[in-house]
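Colleague: Let me begin by handing over the structure; questions about it come next.
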Amino acid sequence: MNMRNQWPVLPIVAGLASGLLTGCGSETGGSGGTGSTVVMGMSDDVLATDPASGYDPGSWLLFDNVFQSLLSFPKGATEPQPELARKCSFSDSRATVYRCELKDGLKFSNGDALTSKDVKFSFDRMMKINDPAGPAIMFPMLGRIDTPDAKTVVFHLSSSDATFPSKIASGAGSIVDHSQYDANGLREDHQAVGSGPYKLDSFDKDRAVFSVNDNYRGTAKAKNSGVTLKFFHGDRTGLKTALLGGKIDIAYRGLSASDIAGLDQQDGSKGVDVIEGTSAEVQHLVFNMKDPVAGKPGVRKAMAYLIDRDALIKNVYQGTATPLYSIIPAGIAGHNTAFFDTYGARPSRAKAAAALHAGGITGKVKLTLWSTPSRYGPATDEELKAIAGQLNASGLFDADVKSIGYDQYEKDIAAGKYGVYVKGWVPDYPDADNFTAPFFGKGNVLDNNYSNRTITGSLIPGTAAQSDRGATDTDFGRLQNIVATELPVLPVWQAKQYAVARDGVYGLEYCLDASTVFRFWELSKS
């Protein structure tokens, strides 16, 4: 998501169905809606209420609760199951024709009927608008969409993609009401009409208010009467103060690592509990391959030999992350430790110096590491300063750090102004494909001028066509080894996922899993 992707995974991905994805789920109307309203705070902003645009963690949190997709990820699962659909399946052996049959009696929150026309409209609209901050980038394979009747949708793909069910089960597959959205432009009134478990009642810069959607027809059962989401715009201290002062029930995404560690050590004595979940959120240093400094292999290799991930995890992240040694994180099928195998876990000044010498580089390498203060986690600036310190301590680098607001940051990256910069990624779906296909080749989300014909011409299309996901491990291993050798990116850490809740708040363990879906309906408060 650009890098929506800023959000977590340990369960291994089982084979995604190239054949049937069947099941009826719950076909009862409404989603319950008993109990108290739950108030949650986070430091992330919601950048969009229109699913043709949003490709960030806050926006997808809204989409996952206000809109439905044809399929969804049940709590604790990494394989999608029917949601709007009664059943879905590939109807050919090449995984290029995907057919879904909708449930009966589907409605949007405003009472409008939801039919195959809305499904086709939603995907066609997303692709036509092709917003640079939107999820259309996930669907380069999407061709014609047919609707032979009001309940049937047939997707024709231009190339094999066995991960297509997982992609449409994500926030990118959100279905909108065709009568409420412009086919040619984004909705900008901060309203939303979906068919999900919740309605968006109001939205402004400080909060979003959600209530239970009585027209919802799906698998979720709301355990609360509504959720209010308060935005703290990167204010970690304000988020913690609001939690401890009882102004919010849950703090999610935004507390500092030291705050989480401190509250966890209090063992509930402050009336709050720390809930830890699994995560495949990752963070990389990205190298502009055309930069006069970072574009030199010797510089990149020297950095790979010098960065001490363990020290970063201990000193900056207080143990709330783990070192990452490949572009595919641990817990995702296909993961290997290519960077550990190539560069080791312990810093080596001698190997770094040798890499620079082999590249004909003498004298200290002057380098700027570029950061952005909020998008990729509240400790990102501190992390990059620590990395610069590690590089400089070797005597081989003269590195500094500059931090800039996210909007300008993205523009400058696209313009090629930075040599080394940080990017975070939270998966759209829990498959190795989502940590590789978006990163390499023309139009990739890294904007770092890197491409490799073996990766883009063979490995990515070959793995995408493989319905038995376990059979892709060898090719994904080759891909990771190529990246470790050529070094267009340097993986740094893999996050753990946390939320902190006041006593009497329940259900968060069902919101922090491999799917990255934060399920409002699982929250309850006594």
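Colleague: Over region 410-510, what is the relative contact order in percent, taking alpha-carbon pairs closer than 8 angstrom and at least six residues apart? Write down the numbers at each step before the final one.
Modeller: Values: 45 pairs, mean separation 17.0, N = 101.
This gives 17 percent for region 410-510.
Colleague: Calculate what fraction, in whole %, of the accessible area of region 161-305 sits on carbon and sulfur atoms when a 1.4 Å probe is rolled over the protein chains.
Modeller: Values: 2280 of 5410 Å².
Exposed carbon and sulfur together represent 42 percent of the surface.
Colleague: Mind putting together the pair-distance distribution for region 425-464? All Cα pairs, 5 Å bins, whole percent per bin, short to long.
Modeller: Spelled out bin by bin, region 425-464 gives 5, 26, 31, 25, 13, 1 percent.
Colleague: Filter Lys75/Lys270; Lys366/Lys423; Lys120/Lys199; Lys411/Lys525; Lys117/Lys411 down to the pairs with a C-alpha to C-alpha distance above 32 Å, please. Mind dumping the intermediate values first?
Modeller: Details: Lys75/Lys270 29 Å; Lys366/Lys423 21 Å; Lys120/Lys199 22 Å; Lys411/Lys525 43 Å; Lys117/Lys411 36 Å.
Going by Cα-Cα distance, Lys411/Lys525; Lys117/Lys411 fall outside the 32 Å limit.
Colleague: How many angstrom lie between the Cα centre of region 385-400 and the Cα centre of region 168-224?
Modeller: Cα centres, region 385-400 to region 168-224: 47 Å.
Colleague: I need the P(r) histogram for the chain: all alpha carbon pairs, bin width 20 Å from 0 out to the longest distance, whole percents.
Modeller: Histogram of Cα-Cα distances, whole percents per bin: 23, 56, 20, 1.
Colleague: Quick one: check the C-alpha center-to-center distance for region 252-324 versus region 44-119, whole angstrom.
Modeller: 32 Å
Colleague: Strictly greater than 19 Å: what percent of every Cα pair in region 38-181 meets that? Walk me through the intermediate numbers first.
Modeller: Working: 5195 of 10296 pairs.
Counting pairs separated by more than 19 Å, the tail of P(r) holds 50 percent.
Colleague: Would you compute, from DSSP H runs of 4+ residues alone, the mean residue ellipticity of the chain at 222 nm, taking -39500 (n - 2.57) per run and dividing by the full residue count, rounded to the nearest 500?
Modeller: Details: 13 runs with 122 residues, N = 526.
Calculated from helices alone, the mean residue ellipticity at 222 nm is -6500 deg cm²/dmol.
Colleague: Let me ask something else about it. Could you state the accessible area per residue of the chain in Å², with a 1.4 Å probe and every protein chain left in place? List each step's numbers first, then the result.
Modeller: Details: 19160 Å² over 526 residues.
Normalised by residue count, the accessible surface of the chain is 36 Å².
Colleague: Using a simple spin-label model with points 7 Å from Cα along the Cα→Cβ vector, what separation in nm is obtained for Ala415 and Asn481?
Modeller: My value for the distance between the label points is 4.1 nm.
Colleague: List residues of region 331-367, by number, whose backbone nitrogen lies under 15 Å from a label position 7 Å along Cα→C-beta of Asp398.
Modeller: Within reach of a label on Asp398, which here means backbone N under 15 Å from a point 7 Å along Cα→Cβ, region 331-367 contributes 362-367.
Colleague: Related question: How much net charge surrounds Glu509 when only other residues with a Cβ under 10 Å from its Cβ are counted (Lys, Arg +1; Asp, Glu -1)? Don't jump to the answer; show the numbers that get you there.
Modeller: Working: positive: Lys75; negative: Glu276, Asp513, Glu522.
Residues close to Glu509 contribute a combined charge of -2.
Colleague: Right, another one. Based on the alpha-carbon gyration tensor of region 290-444 and its eigenvalue square roots a ≥ b ≥ c, which shape applies: rounded if a/c is under 1.5, prolate if not and a/b is larger than b/c, or oblate? Working shown, then result.
Modeller: Values: a/c = 1.37, a/b = 1.20, b/c = 1.14.
Rounded shape, in that the Cα axes give a/c under 1.5.
Colleague: Percent of Cα-Cα pairs per 10 Å bin, from 0 to the last occupied bin, for region 399-447, please list those.
Modeller: 20, 49, 27, 4
Colleague: When the accessible area of region 414-512 is computed with all protein chains present and a 1.4 Å probe, what percentage of it is carbon and sulfur?
Modeller: After summing per-atom areas, the C and S share lands at 42 percent.
The values are calculated or read from the model by the stated rules, or taken from the named source; none is laboratory data. Owing to the predicted nature of the structure, the values given are computational and were not obtained by experimental measurement. Don't worry about glycine lacking a Cβ; one is built from the backbone with ideal geometry, like all the others, and counts go over all protein chains shown. Accessible surface areas use protein heavy atoms only, side chains included; no ligands, DNA or RNA. Shrake-Rupley method; radii C 1.70, N 1.55, O 1.52, S 1.80 Å.
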